[in-house]
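The structure under discussion appears below in the form of structure tokens.
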Amino acid sequence: MMTITVKFFASLREQLGKSETLLSTSKPLTVSQVWSQVCDNISLPAHILTAVNMEYVEANTLVNPGDEVAFFPPVTGG
Amino acid sequence: MNNLHHPHFLSPQIDIDSIQKLSHSKVLIVGLGGLGSPVAMYLAATGVGHLVLADSDTVEISNLQRQIVHDTFQIGQSKVHSALRKLQAIHPHLQITPIQQRLEGDLLDAQVKAVDVVADCSDNFTTRFALNAACVRHCKPLVAGAAIRFTGQVAVFLPSLPQSPCYRCLYPDIEETAETCSQMGILAPLVGVIGSLQAVEIVKVLLYFGQPLCGKLFLFDAYTTQWRILTLYKDVNCPVCNHTLSADVRL
Ligand SMILES: [Zn+2]
């Protein structure tokens, strides 16, 4: 088993009450699956943006054990 | 040339030619709120020659904690004319074109076409997408900033580079969230951080120096004082910018 590092940014950090969590896995998961596994099986909301290893990606991208996934909200205010 | 901009000579990247170049540059600033305030004030102070200011709103007292180009003497005045007064006090030779309406349709195209860089300081996705599409159409650099609560983002899009993503590549299928700073709240100086970074990027793009934040998304979380720079790729299915890609492929 290896771990995927999961990070929550900005308002997601506030809502979930944590900025980082570790997910143990032996096989690759999609970004959506990572979200569901660390968020009580809730599916990934469509508006949430995702990055794997600091690269902006779509929710169906595969995440390998050892990777870092970051979730962050859209921002439009000004 | 005037003494106001003399201190720039201390920087090897900004020489006399750069100051001349800035004084002949024209920047469109869309939104004269929390982000537009520092962008406009720093560009005026840096010596950009011509600012086109677009905003349909008037100054309200609730704006003043974060929209620092306006002050209590301007309450009820249009934001563009309030800003004009402050910016001319900063830089008397600055040319300002105030547009007190929403930039849409032909007016948007005409204004984007006529400037060197567009600063997106607006507060809604409808305006942001329209601005982005116009910048792609007319091949103009777009420096986009956004901020809410404790978080902010900055990205630079350079449609002249075939590999550059556009704003739509970042938000392919987002719906208007209606999360405005007045409803959700914002840490007032955060718009200063984000707007100032936009101004830095605009000066770099105008003068072709350094590495602009193109193909990157700068994210700042003021609550934890953490920032990250994500790599952003062109979306091959982007409805706005993928025509440039397919045109290149055809060539
Ligand atoms: Zn695009």
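The values are calculated or read from the model by the stated rules, or taken from the named source; none is laboratory data. Please read all numbers here as calculations on a predicted model, not as lab measurements. Backbone-built Cβ (ideal geometry, glycine too); neighbour counts: all protein chains shown. For the accessible areas, the whole protein counts, side chains as well, though only heavy atoms, and no ligand, DNA or RNA atoms are used. Shrake-Rupley method; radii C 1.70, N 1.55, O 1.52, S 1.80 Å.
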Output row B,A: buried area (accessible, probe 1.4 Å, summed both chains) in Å², nearest hundred, equals 2400 Å²
With an 8 Å cut-off on Cα pairs and a minimum separation of 6 or more residues, tell me the relative contact order of chain B in percent. 19 percent
With a 10 Å cut-off between alpha carbons and a GNM built on chain B, which of B:G105, B:G152, B:G215 moves the most? B:G105
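State in Å² the accessible area per residue of the protein assembly as shown; use a 1.4 Å probe, count heavy atoms of protein chains only, and round to the nearest integer. All intermediate terms of the calculation are to be shown ahead of the outcome.
On the way: 14950 Å² over 329 residues.
Averaged over the residues of the protein assembly as shown, the accessible area is 45 Å².
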Quick one: Debye curve from the alpha-carbon atoms of the protein assembly as shown only, equal weights, vacuum; give me log10 I(q)/I(0) at q = 0.07, 0.12, 0.15 Å⁻¹ to two decimals. -0.30, -0.84, -1.22
Would you mind giving the mean number of other chain beta-carbons within 10 Å of the Cβ of each residue in B:115-126, as a whole number? 1
Once you've got the GNM for chain B with C-alpha springs shorter than 10 Å, pick whichever of B:V205, B:V30, B:V193 has the biggest mean-square fluctuation. B:V193
Putting +1 on Lys and Arg Cβ atoms and -1 on Asp and Glu Cβ atoms, find which of B:V117, B:Y171, A:V52 reaches farthest to the positive end of the dipole of the protein assembly as shown. B:V117
Sulfur and carbon atoms: percent of accessible area, the range B:11-247 [1.4 Å]: 54 percent
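Calculate for chain B the 222 nm mean residue ellipticity that helices alone would give, adding -39,500 (n - 2.57) per DSSP H run of length 4 or more and normalising by residue count, nearest 500 deg cm²/dmol. Walk me through the numbers on the way to the answer.
Numbers: 9 runs with 90 residues, N = 251.
Taken over chain B, the calculation gives -10500 deg cm²/dmol.
If you count, for each residue, the other Cβ atoms within 10 Å and average over each peptide, how do A:26-35, B:114-123 line up from highest to lowest? Before the final figure, lay out the partial values.
On the way: A:26-35: 17.3, B:114-123: 24.0.
Top to bottom by mean Cβ count within 10 Å: B:114-123, A:26-35.
Give me the inter-chain shielding for B:222-233: mean count of other chain Cβ atoms within 10 Å, whole number please. Intermediate results must be reported in sequence, preceding the final value.
Working: counts 1, 6, 4, 0, 5, 0, 6, 1, 11, 6, 3, 3.
The mean count of partner-chain Cβ atoms within 10 Å per residue comes to 4.
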Cα-Cα pairs of chain A separated by more than 17 Å (percent): 38 percent
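About the Cα centre of the range B:40-103, how large is the charge dipole given +1 on each Lys and Arg Cβ and -1 on each Asp and Glu Cβ? Please answer in debye to the nearest 20.
On the way: 5 positive and 4 negative charges, 15 e Å.
Dipole magnitude for the range B:40-103 comes out near 80 debye.
Looking at the protein assembly as shown only, what percent of DSSP beta bridges run antiparallel? Nearest 5 please.
Numbers: 33 of 57 bridges.
Among the beta bridges of the protein assembly as shown, antiparallel pairing accounts for roughly 60 percent.
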Using a 1.4 angstrom probe and counting only protein chains, how large is the accessible area of B:H24 in Å², to 10? 140 Å²
Using a 1.4 Å probe on the heavy atoms of the protein chains only, list every residue of the range A:49-76 that has 20 Å² or more less accessible area in the complete assembly than in its chain alone. A:L49, A:M54, A:E55, A:Y56, A:E58, A:F72, A:P74, A:V75, A:T76
Tell me, what is the percent relative contact order of chain A, built from C-alpha pairs under 8 Å that lie six or more residues apart? 40 percent
The base-10 log of I(q)/I(0) that the Debye equation returns for the range B:8-119 at q = 0.14, 0.21 Å⁻¹, one scatterer per C-alpha, is -0.55, -1.08
Which one, B:L206, B:A155, B:Q101, is farthest towards the positive end of the dipole of chain B when Lys and Arg carry +1 and Asp and Glu -1 on their Cβ? B:L206
Of B:Q211, B:Q198, B:Q67, the one that fluctuates the most in a GNM where chain B has Cα springs shorter than 10 Å: B:Q211
Please compute, for the alpha-carbon atoms of the range B:11-247, the extent along each of the three principal axes and give them in descending order in Å. 52, 44, 39
Would you calculate a helix-derived [θ] at 222 nm for chain A, using -39,500 (n - 2.57) for each DSSP H run of n ≥ 4 and dividing by the full residue count, to the nearest 500? -4500 deg cm²/dmol
Once you charge only the Cβ atoms, +1 for Lys and Arg and -1 for Asp and Glu, what is the size of the charge dipole of the range B:11-247 about its Cα centre, to the nearest 20 debye? 400 debye
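As a test, work out the antiparallel percent of DSSP beta bridges whose residues both lie in the range A:2-72, rounded to the nearest 5. Intermediate values should be presented prior to the final figure.
On the way: 15 of 19 bridges.
In the range A:2-72, approximately 80 percent of DSSP beta bridges are antiparallel ones.
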With both bridge residues required to lie in chain B, what share of the DSSP beta bridges run antiparallel, to the nearest 5%? 50 percent
Cα-centred dipole magnitude for the protein assembly as shown, charges only on beta-carbon of K, R (+1) and D, E (-1), debye, nearest 20: 460 debye
What's the carbon and sulfur percent of the range A:2-72's accessible surface, probe 1.4 angstrom, rounded to a whole number? 48 percent
